[in-house]
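> Let me begin by handing over the structure; questions about it come next.
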Amino acid sequence: MGKTWSQGAGLASGLALLLLSPLLAAWELDPAQSRVSATIVQIGPDGPMPRHHEVRRLAGSTDASGELELPLRLNQSDVVERLGPLPPWLSGLTERPMATLTTRFPPERLNALAVGESLVETLQLSVKSGSATRQEPLEVRFTRVSADQIRITNAERVALDGQALMADPTLRSVMLLLGYEQIGDEVPVSLDAVLMKR
């Protein structure tokens, strides 16, 4: 059975939950192969119309204890490409972290994976957006594809609360610029990322 997050600090925060991955001191995300996808269903006069968005170029590594801190910025998403030149009041947001995520994972568990083996772990994620911080559990699957690569995907269906996303003033402004006046109740998201040995 899937999972729906009923509380959310916004689209960036929600997507960010999927971006967290337990990294080792000797591993880092490969930005060229690491992304999160989301499907937003636009509700319009012609009925529901699904549209796909991505947050790309995910980058991060951990300290020796396995703790990861990952800031997410608007310019990592395809929103800026779709919008074109941003108005002055919004352009400053592209470089500023929309959310910062923190998690911890025992590095020895990834080290023990053999090529072809998978491991599913429930991560405890801390998501900070503005002055709000919340904790969320998330099941993530790690698959060792080679000696120096581990692929990361979500191990369960995950959907964000569409109404909570539209309730965030900043995100609602971005959504309106993209033409979303009303969206579906759920925004399914999926993770596809690769850890590379440094």
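> Which one of the conditions (1) of a type outside the set (A, V, I, L, M, F, W, C); (2) open to solvent by less than 50 Å² (accessible area, probe 1.4 Å); (3) farther than 20 Å from residue 40 by Cβ does residue 180 fail to meet, given that it meets all the rest?
Tallying (1) of a type outside the set (A, V, I, L, M, F, W, C); (2) open to solvent by less than 50 Å² (accessible area, probe 1.4 Å); (3) farther than 20 Å from residue 40 by Cβ, residue 180 fails exactly one: (3).
> Just one of (1) at pLDDT below 75; (2) at negative phi trips up residue 113, so point out which.
Failing condition for residue 113: (1).
> Which pairs turn up if I take residues in the range 59-72 that are open to solvent by 50 Å² or more (accessible area, probe 1.4 Å) and look for partners that are among the polar types (S, T, N, Q) with beta carbon separation below 7 Å, at least 6 apart in sequence or on another chain?
Within 7 Å, the pairs are 67/102; 69/100; 69/102.
> While we're here: Failed condition for residue 89, given (1) at pLDDT below 70; (2) outside any strand (DSSP E or B); (3) crowded, with 18+ Cβ neighbours inside 10 Å, with all others met?
Answer for residue 89: the failing condition is (3).
> Kindly evaluate residue 133 against the criterion of being part of a loop (DSSP other than H, G, I, E, B) and at pLDDT below 80.
no
> For the range 29-62, name all the residues that are hydrophobic (A, V, I, L, M, F, W, C) and in a loop (DSSP other than H, G, I, E, B).
Residues satisfying the conditions are 58, 59.
> Still on this structure: Taking the range 36-65 only, how many residues are within 20 Å of the chain's Cα centre (by Cα) and at pLDDT below 75?
Within the range 36-65, residues that are within 20 Å of the chain's Cα centre (by Cα) and at pLDDT below 75 number 1.
> Here is a further query. Taking into account only those residues within the range 116-129 that are under 17 Å from residue 71 (Cα atoms) and open to solvent by 60 Å² or more (accessible area, probe 1.4 Å), which is modelled with the lowest pLDDT?
128
> For residue 16, work out the one condition from (1) buried (at least 17 other Cβ atoms within 10 Å of the Cβ); (2) farther than 18 Å from residue 125 by Cα; (3) modelled with pLDDT under 70 it doesn't fulfil.
With respect to (1) buried (at least 17 other Cβ atoms within 10 Å of the Cβ); (2) farther than 18 Å from residue 125 by Cα; (3) modelled with pLDDT under 70, residue 16 is out only on (2).
> Mind checking which strands (runs of 3 or more DSSP E) fall wholly inside the range 143-198 and carry at least 2 residues that are within 18 Å of residue 109 (Cβ to Cβ)?
149-154, 186-197
> Could you tell me whether any residue of the range 148-166 is free of Cβ contacts under 8 Å to residues at least 12 places away in the same chain, β-branched (Val, Ile, Thr), open to solvent by 30 Å² or more (accessible area, probe 1.4 Å) and within 18 Å of residue 70 (Cβ to Cβ)?
no
The values are calculated or read from the model by the stated rules, or taken from the named source; none is laboratory data. Because the structure is a prediction, the values reported are computed rather than measured. With ideal geometry, Cβ positions are generated from the backbone for all residues, glycine too; neighbour counts draw on all protein chains shown. Just so you know, the surface numbers come from the protein's heavy atoms only, side chains and all, with ligands and any DNA or RNA stripped out. Shrake-Rupley method; radii C 1.70, N 1.55, O 1.52, S 1.80 Å.
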